[in-house]
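Encoded as structure tokens, the structure appears first; notes follow it.
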Amino acid sequence: MALPLYLFDITYGDIDEQIKEESEIFDAKKGKHLRCRICLHIITDEGQGISIAGGHTHIHANPAGIEYQIRCFRNTTGYGASGTATEKFIWFAGYKWQVAVCNTCGKHLGWLFKRKDRFCGLIHSQLPADSDRLD
């Protein structure tokens, strides 16, 4: 199995400065809730966005060839993990994953990725921001 190219990316420059800049970008988005598309339960906040493996947004395909655009978040609270954590068909090296579902309606929202740290990769199309909703 070939390894994804992003595993070999090299970042040049001051890593601490890059992390500070990303934190400021996401901090500016605090208070903009992302909600389950089905039941509108709050899943996370735009300010919880993080960069993993070189980016906040990734496109990956499952073994059936279905592509997902996911966005990475820390401290997401509106979901539950389903199933046993596995290392099969990994998208992020070193992480095990479980399916993430809405705490309220059970809609598939993305995946929880765990090792010593953890983050949630949420499917972009399943989580409209408050400003995207039709009221």
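Near Glu87, once Lys and Arg are set to +1 and Asp and Glu to -1 for all other residues with Cβ below 14 Å from its Cβ, the sum equals +4. Taking a spot 7 Å from the Cα of Ala93 along the direction of its beta carbon, which residues of the stretch 53-79 have an amide N less than 14 Å from it? Zone members listed by number: 53-54. In this structure the amide hydrogen of Lys107, modeled in the peptide plane, comes within under 5 Å of the amide hydrogens of Cys102, none closer than 5 places in sequence on its chain.
No value in this document is a laboratory result; all are computed from the given coordinates. Note that the coordinates shown come from a computational prediction; the quantities given were computed from them, not determined experimentally. So basically every Cβ, Gly included, is an ideal-geometry build from the backbone, and we count neighbours across all protein chains shown.
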